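Below: one structure, written as structure tokens.
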Amino acid sequence: MASAPPAIGTEPAPPARRGARTAMILLIACAAQFMVVLDVSIVNVALADMKTSLGLSPAGQQWIVNAYTLGFAGLLLLGGRAADLVGARRTFMVGLCIFTAASLTCGLADDGTTLIAARAVQGLGGAVLAPATLTLIMTTFTEPRARTRAMGAWSSVNAVGGAAGAVVGGLLTEYTGWRWVFFVNVPIGIAILAAAFLYAPATHGSRGGLSRLDLPGALSVTVGLTALVYGIISTESSSWASPQVWAALAAGILLLAAFVVIESKVAAPLVPLAVLRRRTLAIANLVMICVGSAMFAMWFLLSLYMQQVLGFSALKAGLLFLPGCFAVILGTRTSTHLVRRIGPRPLLVTGMAVSTFGFLWLSRIAVGGSFTTDVAAPFVLCALGLGMSMLPVTAAATTGIQPREAGLASGLVNTSRQVGGALGLAILAAIASRAVGGHVSPGVQALTAGYGHALLFAALFTSGAAVGSLFLPGRPAPAGPGATPDGPR
């Protein structure tokens with residue numbers, strides 16, 4: 001069998017040199033992806049210091065997280081489309097430049113508004129950069145076994161990066177100050193940019209380039225989600241009946257409806273609506289929204305509980321997240337080994353049941369509690385179940401999907417996780433705020449009661465995900481003449 005042709009834009013090279021070059025491309029892609037994933041969670045343990053330094057309100061603390069998440073979620077599919085149309089190398093470098101510059105601006109911010117705006121731009125950069133890392137791998141590693149190994153490394157980086165954010169954030173906040181959770185991206189980003197300039201293959205996109213990007217669709221879904229989250233967060237200071245809340249929610253719903261109309265009309269939509277008619281894909285995305293809602297809020301709420309109620313430093317809180325980080329990795333590794341044998345449904349149902357039990361246990365946190373007796377065991381259960389869910393829900397979403405649609409399906413699942421994280425954090429933080437405001441005893445007792453209420457509602461998200469998982473494919477079976485992409489009908 002003939003060997004795979006060299007990457008576009010490169011000259012044939014001896015095997016040793018070609019192997020070193022492809023290893024460097026894998027390192028570049030994984031390092032960039034690690035940076036993007038890390039920034040979803042790295043700010044959590046730094047929020048208390050940011051609040052003191054910049055005078056942030058509780059809603060402002062949420063926006064530090066959600067501005068990045070919404071920018072990332074709303075534009076992720078557009079970033080993936082850009083990599084296809086204008087070339088992975090060019091898209092990668094543009095996204096990395098935006099991400100690095102925004103990180104510098106975040107670190108230099110002297111008020112909450114500037115920081116939140118820079119976080120949104122950072123999310124934009126991440127949305128452009130992340131799909132390009134995967135495209136670089138797919139176009140560089142053409143031999144099936146090598147591609148599988150490269151994809152395994154990229155997937156491991158996703159798991160480790162998301163789990164390590166709290167620990168890295170705690171270390172940086174304690175020893176260098178909260179601004180370094182952003183500054184750290186600058187030298188790393190410059191180094192990756194230089195390496196990409198030297199080693200990443202020059203690829204050519206499709207004819208038409210940027211003119212074929214669905215900018216109206218990306219704008220409507222991003223602004224619509226932001227309006228929804230703004231409306232929900234506004235309930236912390238205003239009643240549900242206030243004009244401010246209703247105007248934001250109505251605007252969000254109208255913009256999301258406009259997004260659906262746009263996708264049905266444009267020639268190259270971000271989300272071809274026909275693909276959402278596949279039952280397993282639609283259910284998998286709903287399940288992932290629930291998973292993301294619980295997962296993002298867990299790190300946020302526990303970080304505030306450990307620092308504001310238990311009085312831990314940012315470093316101690318970050319280090320105490322380590323058991324949860326290891327549990328996420330363990331859950332991910334377990335599902336990797338089992339998903340081909342037993343199918344996604346048993347793993348998802350089990351993982352979500354374990355997380356639900358953990359959240360119910362966590363909701364009993366007390367003012368005079370300790371990490372060892374009140375947090376450690378249920379936190380590990382929550383993290384283990386959430387780790388078990390990541391790969392199975394992606395596997396379910398891509399079941400029966402044609403190869404040409406696999407990237408879109410996995411991109412939709414990643415988008416759903418970010419959307420769920422933003423909406424879930426807004427909802428659960430609003431629940432916590434309402435419980436704090438209605439508590440008879442102010443101070444740490446009210447805070448503890450609020451966090452407990454929010455964690456109890458997080459259990460509703462994971463239990464909903466468990467129920468939804470029952471409708472996903474079970475044990476894999478050989479394809480038969482009566483099978484359809486979504487299973488027997």
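Only the coordinates and a few stated rules stand behind these numbers; no lab work does. From a predicted model like this one, the values you see are computed outputs, not experimental measurements. Every residue, glycine among them, receives a Cβ derived from its backbone with ideal geometry; neighbour counts consider all protein chains shown.
Brief remarks on what is shown
- Rel. contact order, % - alpha carbon contacts under 8 angstrom, at least six apart, the chain: 20
- Anisotropy class of region 20-82 from Cα gyration tensor, a/c 1.5 cut: oblate
- Net dipole in debye of region 98-181 [+1 Lys, Arg Cβ; -1 Asp, Glu Cβ; about Cα centre; nearest 20]: 380
- Tail weight of P(r) past 14 Å, computed on alpha-carbon pairs of region 214-267, percent: 50
- Each Cα pair of region 275-474 feeds into the Kirkwood radius, which the Stokes-Einstein equation turns, at 4 °C and 1.567 mPa s, into a diffusion coefficient of 76 µm²/s.
- Residues TRP154, TRP246, sorted so that the one with the fewest Cβ neighbours within 10 Å comes first: TRP246, TRP154
- Length-normalised contact order for region 97-256 - Cα pairs under 8 Å, 6+ apart - percent: 20
- Region 107-252: C-alpha gyration tensor shape, a/c 1.5 cut-off, then a/b vs b/c: oblate
- The charge dipole of region 12-105, taken about the Cα centre with unit charges on the Cβ atoms of Lys, Arg (+1) and Asp, Glu (-1), comes to about 480 debye, rounded to the nearest 20.
- Averaging the sequence gap over all C-alpha pairs within less than 8 Å and six or more residues apart, then dividing by the number of residues, gives region 275-474 a relative contact order of 41 percent.
- Folded to 0 to 90 degrees: helix 144-176 orientation relative to the chain principal axis, Cα: 30
- Helix-only mean residue ellipticity at 222 nm for the chain, each DSSP H run of n ≥ 4 adding -39500 (n - 2.57), per residue, nearest 500: -26000 deg cm²/dmol
- Ranking of ARG89, ARG340 by neighbouring Cβ atoms within 10 Å, starting from the fewest: ARG340, ARG89.
- With Cα atoms, 0 to 90° folded angle of helix 322-342 axis to the chain main axis: 50
- Global geometry of region 20-204, whether rounded, prolate or oblate, following the gyration tensor of its Cα atoms and the 1.5 cut on a/c: prolate
- Degrees separating the helix 215-234 axis from the principal Cα axis of the chain, which is the longest one: 10
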